[in-house]
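Accompanying notes for the structure given below.
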Amino acid sequence: MRIALSPALLSRMPEMEVSGLLALDLNIAALPATTPSLPESEVDLDALLRRWKDVYRELPGDKKARCSLEYLVKAAQKGKLRSILPLVDLYNQASLLSLAPFGGEDADPLGGELTLDLARGDERFLPLGRTEAERPQPGEAAWLNGEREVVCRCLNWLESDRFKLTAESRNAVFVSERPDGGFPSGEAGMDWLEEKLAPHAGALLRFRLDAASPVFAA
């Protein structure tokens, strides 16, 4: 599996960091049930979410795009967080613990490659729960597989139905973006997620990507 930040992405977002975890040979059926919740924190959540809005405003892409963390935080504050799937619930909880956006994908359909890149605009994207494919906007920061099919649009906004985690997933990759050092890191959440998955995985491989080390290969 090769996971990378492209030169084009780094030219646009030179301080981008990605925390990650590759989980292999998962026993999904044995994972504990978890309903995500928002822990108490001294972080000014409104200010943090405004900073994420600024990031999205500056990047090409759909103007409806929002950081996935915003959806989680607002749902938690309204008492509307719901369980989706144990593996998804766990990475959503990791996101709330670290106050950093998390994404999780089934690694098998990726074909061995996942890259955060700037879209050309002609890539195929099948939105979660939809049957008709769409296209990203040119210059949009998107996660792509080796065939340049969109895995997730606008950093962590909108996931592809093709690569979603299911009850049959055996191998998964988790990523958390940090546009610059002024944002919380996803490392604490990855620590927690790694601990929860350890009894139920054949192997867990941690990685961290930035301009100095833009490629992870396993």
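A short reminder: the numbers here are calculations on the coordinates, not readings from a lab. Quick caveat: nothing in here was measured; it's all calculated off a predicted structure. Cβ sites come from the backbone with ideal geometry, for glycine too, and all protein chains shown count toward neighbours.
For the chain, what is the mean residue ellipticity at 222 nm derived from helices alone (per DSSP H run of n ≥ 4: -39500 (n - 2.57); sum divided by total residues; nearest 500 deg cm²/dmol)? Could the numbers behind the result be given before it?
Numbers: 5 runs with 54 residues, N = 218.
One gets -7500 deg cm²/dmol as the mean residue ellipticity at 222 nm.
Using θ = phi - 60° and the Karplus curve 6.51 cos²θ - 1.76 cosθ + 1.60, what whole-Hz ³J(HN,Hα) does each residue of the range 10-26 get, with Gly and Pro shown as x?
So the J values, rounded to whole Hz, are 5, 5, 8, 10, x, 9, 4, 10, 10, 8, x, 8, 9, 10, 10, 6, 6.
How high is the relative contact order of the range 2-217, given as a whole-number percent (alpha carbon pairs under 8 Å, six or more residues apart)?
It rounds to 37 percent for the range 2-217.
Report the relative contact order of the range 69-166, percent, no decimals, based on alpha-carbon pairs under 8 angstrom and at least 6 residues apart.
Relative contact order, the range 69-166: 25 percent.
Could you give me the ³J(HN,Hα) list for the range 113-121, computed from phi with Karplus coefficients 6.51, -1.76, 1.60 and θ = phi - 60°, whole Hz, x at Gly and Pro?
Couplings: 8, 9, 9, 8, 9, 9, 5, 7, x Hz.
Between beta-carbons, use under 12 Å as the cut-off and find the net charge around ARG170, counting Lys and Arg +1, Asp and Glu -1.
Numbers: positive: none; negative: ASP25, ASP106, ASP108, GLU168.
Residues near ARG170 contribute -4 overall.
Among the aspartates and glutamates, select those whose C-alpha is under 16 Å from the C-alpha of LYS80, and discard any that sit fewer than 8 residues away in the same chain.
Result set, ordered by chain and number: GLU70, ASP89.
Rounding to the nearest 20 debye, state how big the charge dipole of the chain is about its Cα centre with +1 on each Lys and Arg Cβ and -1 on each Asp and Glu Cβ.
That gives the chain a dipole magnitude of about 560 debye.
Set the bar at 25 Å for Cα to Cα. Now go through LYS53/LYS78; LYS74/LYS164; LYS64/LYS196 and name every pair that lies beyond it.
Table pairs above 25 Å Cα-Cα are LYS64/LYS196.
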